[in-house]
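Report on the structure given below.
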Amino acid sequence: MPELRVLMGRVVRRGQAVGEALVSREPITFLGGVDPETGVIIEPGHELYGQCIAGRILVFPTGKGSTVGSYTLYRLARAGLAPAGIINAASEPIVAVGAIIADIPMVDEIDITQIHTGERVQISGEQVRVG
């Protein structure tokens, strides 16, 4: 039976979410990096290229790119293609604002090396349960 790990972080957007982790060790940009029509990562050369973020717990170190990325997250949410939750090592304003306006639970200040793609993850406020 897999070991349950509990990680504590800082709430960026309070909420609860459960899903399968999709983990990137590289920053993610939402404008031009994620197709808003499909929820698929389209940034050439990105380690998650071709992966769909919809309904997953998206785990990545930090965001990058244009401020329009916040609106892209909102657009993904409106289309039902957003991640169920977001976990960052260090949030930045673009992803934080996107999570807030799109109502996506988000936590940062998490050691993301403790989370692996395919693991079941639950976000509940500042608490992240993995396993």
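The numbers here are math on the coordinates, done by the rules we state, and not lab data. Worth saying up front: this structure is predicted, and the values here are computed from it rather than measured. Backbone-built Cβ (ideal geometry, glycine too); neighbour counts: all protein chains shown.
Select one label from [x] 38, 27, 23; [y] 41, 33, 27; [z] 47, 28, 25: the one whose number is Cα extents along the principal axes in Å as derived from the coordinates shown.
[x]
Fewest to most neighbouring Cβ within 10 Å: what's the order for Phe30, Phe60? Can you show the working numbers first?
Values: Phe30 27, Phe60 23.
Ranked by crowding around the Cβ, least crowded first: Phe60, Phe30.
I want to make sure I understand the PRE zone here: with the label point 7 angstrom from the Cα of Thr113 toward its beta carbon, which residues in the stretch 63-95 have backbone N atoms less than 15 Å away?
Counting backbone N atoms under 15 Å from the label point, the list is 89-90.
Please give, to one decimal in nm, the separation of the simple spin-label points placed at Ile100 and Gln16, each 7 Å out from Cα toward the Cβ.
Taking the simple label geometry, Ile100 and Gln16 are separated by 2.4 nm.
Which angle between 0 and 90 degrees, to the nearest 10, do you get for helix 93-102 versus the longest principal axis of the chain when only C-alpha atoms count?
90
Multiply the residue gap between Glu47 and Val68 by 0.36 nm, knock off their C-alpha separation, and tell me the result in nm, one decimal place.
Numbers: separation 21, 0.36 × 21 = 7.56 nm, distance 2.22 nm.
Gain on extension, Glu47 to Val68, equals 5.3 nm.
To the nearest Å, what is the center-to-center distance of the stretch 24-91 and the stretch 110-127, using C-alpha atoms only?
16
Counting Lys and Arg as +1 and Asp and Glu as -1, each charge on the Cβ, what is the dipole of the chain about the Cα centre in debye, to the nearest 20?
Numbers: 11 positive and 14 negative charges, 61 e Å.
For this selection, approximately 300 debye.
Among Ala82, Leu48, Pro61, pick out the residue whose Cα is farthest towards the positive end of the charge dipole of the stretch 1-124, where Lys and Arg carry +1 and Asp and Glu carry -1 on C-beta, about the Cα centre.
Selected residue: Ala82.
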